Amino acid sequence: MSITPDQDPLFTLTTGPVDAYPEVLRALSRPVLYDYDPAFLGFYEKVVEKVRLAFRTPHMPVILQGEPVLALEAGAASLIARDDVVLNLASGVYGAGFAYWAKRYCAEVLEIRVPFDQVIDPAQVAAMLKSRPDIRVVAVCHADVPFLCDIQRAVTLAPEPPYTEVSEFLAQHLDLIPAALDTLRYVDCALLARRITARCLLSVGLMDTICPPSTVFAAYNEITAGKDISVHPFTGHVVPVAHVQRQLRHFREFLPGAVRAG
């Protein structure tokens, strides 16, 4: 997909292929206030102030409704300057997709792409950085919390979607339980993890109700390549900022030359 200068920009504001939480559905059933209604303005200001305090910023944030890709594009728009050269490392749909946004805001996008089941050679990246010293931004997709791991156990543990979709379905289709669980083994990442050859850094929140911790460790224990895991005792499914900093350090250690490129 491409956008010509005479076209309006595209905005993706769908929620994605996930269930809506009951709290969301209840909120949607209430009367929708006009955005200049004093009641809405007061509510919005309170929420914005909470967000400002949570992010510890003196600036007033702006709340936008949208799916996670909205934040990815916002990151590209905020971090990439018009004169920047971006090196995009793509080993899957998420990495490849970032180039789509980067091209809107930078001077040039360079890309190293491999199939989804292969890893990018660090030597190739280092060579690219050396040959193009004008690279200012390196974009890389770094995995966080493993999902779809030890599925047969996860559907009996997780109290929240999306695993509950499976348990709710099987509760109504008892005759399909054996076939469904056997079929899910083909996409169980805990079983596929032993095929990983790249160095890994995983994270797990011990209070995660979406990806139960035991299922994350099930995948981690199967990895035979170089690996490490960050364990956060009081964290749910949201990755803490401290772990993002560790991801950056991990990337810099793994790829000599990345520090200079930022």
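Every number in this text was worked out from the coordinates using simple rules, so none of it is lab data. All of these numbers come straight from a predicted model, not from anything done at the bench. Neighbour counts run over all protein chains shown; Cβ positions are idealised from the backbone, glycine included.
Extension gain for the segment Val62 to Gln152, taken as residue separation times 0.36 nm less the Cα-Cα distance, is 28.3 nm to one decimal. Measuring nothing but how far apart in sequence close Cα pairs (under 8 Å, 6+ apart) lie, relative to its length, the chain scores a relative contact order of 15 percent.
Got the relative contact order for the range 177-251 handy, in percent, Cα pairs under 8 Å and 6 or more residues apart?
35 percent
Between Ala179 and Val241, the modelled label-to-label distance comes to 5.1 nm, taking each label 7 Å out from Cα in the direction of the beta carbon. Where [x] 1.17; [y] 1.71; [z] 1.35 are the candidate values, the label of the one calculated here for Cα Rg over 2.2 N^0.38 Å is [x].
Along the range 145-158 the Karplus relation, 6.51 cos²θ - 1.76 cosθ + 1.60 evaluated at θ = phi - 60°, assigns HN-Hα couplings of 9, x, 10, 6, 10, 6, 4, 4, 7, 4, 5, 9, 10, 5 Hz to successive residues, with x for each Gly and Pro.
Over the chain, DSSP H runs of length four or greater, each weighted -39,500 (n - 2.57), average out per residue to a 222 nm ellipticity of -13000 deg cm²/dmol. For Glu111, the residues whose modelled amide H falls within less than 5 Å of its own, excluding neighbours fewer than 5 places apart on the same chain, are Asn88. Taking 0.36 nm per residue of separation and subtracting the current Cα-Cα distance, fully stretching the chain between Ala143 and Thr164 would add 5.3 nm.
Across the range 51-63, computed HN-Hα scalar couplings (Karplus, 6.51 cos²θ - 1.76 cosθ + 1.60, θ = phi - 60°) run 5, 4, 5, 5, 8, 6, 10, x, 8, 7, x, 10, 8 Hz from first to last residue, x flagging Gly and Pro. Taking only the alpha-carbon positions of the range 151-238 and ignoring solvent, what does the Debye formula give for the base-10 log of I(q)/I(0) at q = 0.12, 0.15, 0.26 Å⁻¹? Evaluating at q = 0.12, 0.15, 0.26 Å⁻¹ gives log10 I(q)/I(0) of -0.41, -0.62, -1.26. For a test of the definition: using alpha carbon positions, the gyration tensor, and the 1.5 limit on a/c, classify the range 114-154 as rounded, prolate or oblate. Since a/c reaches 1.5 and a/b is larger than b/c, the shape of the range 114-154 is classed as prolate. Here the chain is assigned +1 on the Cβ of each Lys and Arg and -1 on the Cβ of each Asp and Glu. Its dipole about the Cα centre then comes out at about 1020 debye.
Projecting the Cα atoms of Ile223, Pro233, Val187 onto the dipole axis of the range 151-238, where Lys and Arg carry +1 and Asp and Glu carry -1 at the beta carbon, places Ile223 farthest toward the positive end. What the phi angles of the range 206-222 give under the Karplus curve with 6.51, -1.76 and 1.60, with θ = phi - 60°, is a coupling list of 6, 10, 6, 9, 9, 10, x, x, 4, 6, 5, 5, 4, 6, 4, 5, 8 Hz, glycine and proline written as x. Selection among Cys106, Val51, Leu41 by position relative to the dipole of the chain gives Cys106 as farthest towards the positive end (Cβ unit charges, Cα centre).
Sorting Phe98, Phe217 from the fewest to the most surrounding beta carbons within 10 angstrom yields Phe217, Phe98. By the count of neighbouring beta-carbon atoms within 10 Å, fewest first, Cys189, Cys149 end up ordered Cys189, Cys149.
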